[in-house]
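Enquirer: Sharing a structure with you now.
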Amino acid sequence: MSAIELIQSDITQLEVDVIVNAANSTLRGGGGVDGAIHRAAGPRLLAECIKLNGCPTGEAKITDGFNLKARFVIHTVGPIWYGGDSHESDQLASCYRKSLSLAVENNCTSIAFPNISTGVYDFPKELAANIAIREVQTFLVTNKSISKVLFCCFDSENYFIYQRLLDKL
Ligand code: ADP
């Protein structure tokens, strides 16, 4: 599918309308991609995030992108992996759906996703990639306003998983 692209990169450097942050439920910053986004966006991002009063798992909230090239940041809270019997897959799918809907509501046509939950939250990478690709593909069938969805992998393991799965489409 032409709208879906794969890149191995630091997501903070991408020139898209919106980048997605794999945040934690406090929305007060953290490690991994969250920390990188806050460092690159500057301190005004944390100030705006604090006003949002957190975000439940599987939901998403939007802020300005401040010093980033992206106009907006969508903060979504992925599930912590507890073994798979705690609705982790549904929650991860919801992160992708809610983020895409928020992007459309804010007139974004290009969006970049990190590999939500596959860092410290320990979600199995292959399963997470399958869910991410499925949700994006399904969304794009009925939502024509998004012209580009970038899967932005940081680590090579995720990059090769996505490459293999996307090649099969
Ligand atoms: P989570 O708590 O959702 O697991 P992490 O930030 O620990 O969030 O990891 C999510 C994914 O983000 C991991 O695959 C990690 O390799 C990736 N990541 C870390 N830093 C960056 C970055 N600067 N740009 C894009 N992806 C990143």
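The values are calculated or read from the model by the stated rules, or taken from the named source; none is laboratory data. Since the structure is predicted, the reported quantities are computational estimates derived from the model, not experimental observations. Neighbour counts run over all protein chains shown; Cβ positions are idealised from the backbone, glycine included. What goes into the accessible areas is simple: the full protein's heavy atoms, side chains included, and nothing from ligands, DNA or RNA. Shrake-Rupley method; radii C 1.70, N 1.55, O 1.52, S 1.80 Å.
Enquirer: Quick one: what are the phi-derived ³J(HN,Hα) couplings along segment 110-115, Karplus 6.51/-1.76/1.60 with θ = phi - 60°, whole Hz, x for glycine and proline?
Expert: Result, ordered by residue: 9, 9, 10, 10, x, 8 Hz.
Enquirer: Something else about it: For segment 154-160, just list the computed ³J(HN,Hα) in residue order, Karplus coefficients 6.51, -1.76 and 1.60, θ = phi - 60°, integers in Hz, with x standing in for Gly and Pro.
Expert: 9, 8, 5, 4, 4, 4, 6
Enquirer: How charged is the neighbourhood of Ala112? Take every other residue with its Cβ under 14 Å from the Cβ of Ala112, and add Lys/Arg as +1 and Asp/Glu as -1.
Expert: Here the count lands on -1.
Enquirer: May I pose another question? Which order do peptides 145-151, 114-120, 46-52 fall in by mean Cβ count within 10 Å, highest first? Walk me through the numbers before you get to the answer.
Expert: Details: 145-151: 17.7, 114-120: 23.4, 46-52: 14.9.
Peptide ranking by packing, descending: 114-120, 145-151, 46-52.
Enquirer: Continuing with this model, one more query. Hey, what's the Cα Rg ratio for segment 82-160 versus the globular rule of thumb, 2.2 N^0.38 Å?
Expert: 1.10
Enquirer: Sorted by accessible area with a 1.4 angstrom probe, largest first, how do Lys98, Lys61 fall?
Expert: Greatest to least solvent exposure: Lys98, Lys61.
Enquirer: Could you name the aspartates and glutamates in cross-link range of Lys144, using Cα to Cα under 13 Å and dropping any fewer than eight places away on the same chain?
Expert: Correct list for Lys144: Glu105.
Enquirer: Using a probe of 1.4 angstrom, how much of the accessible area of segment 3-167 is carbon and sulfur, in percent?
Expert: Carbon and sulfur atoms account for 51 percent of the accessible area of segment 3-167.
Enquirer: In square nanometres and to one decimal, what's the mean projected area of the convex hull around the Cα atoms of the chain? All intermediate terms of the calculation are to be shown ahead of the outcome.
Expert: Numbers: hull surface 34.3 nm².
If you wrap the Cα atoms of the chain in a convex hull and average its projections, you get 8.6 nm².
Enquirer: A further question on this structure: Give the percent of DSSP beta bridges with both residues in segment 3-167 that are antiparallel, rounded to the nearest 5. If you can, show how the numbers build up before the last one.
Expert: Values: 5 of 22 bridges.
Just about 25 percent of them are antiparallel.
Enquirer: Just the accessible area per residue of segment 24-155, please: how many Å² with a 1.4 Å probe?
Expert: 46
Enquirer: Per residue of segment 99-109, what does 6.51 cos²θ - 1.76 cosθ + 1.60 with θ = phi - 60° give for ³J(HN,Hα)? Whole Hz please, x for Gly and Pro, Karplus curve as stated.
Expert: Values, residue by residue: 5, 5, 4, 5, 4, 5, 4, 9, 6, 8, 10 Hz.
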